Amino acid sequence: MTPAHEQAARRLAALSGDERDWVLARLASDDALRIRDLLEPRPAPAAPEPPPPAPVVVDTTPQSVLERAAAADVSLLLQAEPDWLIALILAQRRWSWDRELLADLHPARVEELSVLAWRAEGAKPRAREAAIELLVAKLRELAPEPAPAAAPSVFDELVGRMA
């Protein structure tokens with residue numbers, strides 16, 4: 001198609017159907033055919049298919065399991081544990097449940113845990129990881145996790161939050 005054909009098609013598109021047909025009938029058949037082709041509506045390009053949904057990946061590392069644990073469960077499991085073990089776990093990082101755990105303890109014990117946790121920061125990483133793995137093993141005994149394939153739906157999560 002030449003620019004002249006495109007310009008003629010744009011001008012003819014502004015005319016009524018009868019006027020357009022009258023002009024096209026007076027053109028050479030080759031030119032009329034090209035202009036008619038330009039006047040026909042083009043189908044819209046097909047929308048690309050959306051990408052498939054990303055698979056739900058449930059992180060089951062001991063750190064992530066412990067991060068998602070309920071404060072009440074952690075408190076129950078750490079209740080009878082020695083302070084040095086609790087300090088190793090608290091020294092690893094800030095947990096979503098640590099303030100709640102400490103709020104339930106006697107202030108003198110919290111002070112002792114603070115000193116022990118400060119010292120435990122210098123402990124070998126493997127010792128802290130072993131303490132976390134021990135606690136996670138106890139959490140799993142308390143309430144086994146669902147299999148990753150059976151991840152809760154958005155609806156189930158919403159109902160769980162409301163309960």
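Determine whether Trp84 is in contact with an Asp or Glu (Cβ under 9 Å, 6 or more places away or on another chain) and among the aromatic types (Phe, Trp, Tyr). No, not satisfied. The criterion of being within 23 Å of Val115 (Cα to Cα) and of a type in the set (A, V, I, L, M, F, W, C) holds for Leu88. Looking at Arg94, Arg34, Arg42, Arg99, just one residue is touching a helix residue (DSSP H, G or I) at 6+ places or on another chain (Cβ under 8 Å) and basic (Lys, Arg), and that residue is Arg34.
Which numbered condition in (1) at pLDDT below 85; (2) outside any helix (DSSP H, G or I); (3) under 27 Å from the mean Cα position of the chain (by Cα) is the only one that Gly122 fails? Exception for Gly122: condition (3). Number of residues in segment 41-71 that are exposed (fewer than 13 other Cβ atoms within 10 Å of the Cβ) and over 14 Å from Arg140 (Cα atoms) equals 18. Applying the set (1) modelled with pLDDT of 90 or more; (2) over 31 Å from the mean Cα position of the chain (by Cα) to Trp84 leaves exactly one unmet item: (1).
The values are calculated or read from the model by the stated rules, or taken from the named source; none is laboratory data. Everything numeric here is computed off the predicted structure, so don't read it as measured data. Neighbour counts are summed over all protein chains in view; Cβ atoms, including those assigned to glycine, are modelled from backbone coordinates with ideal geometry.
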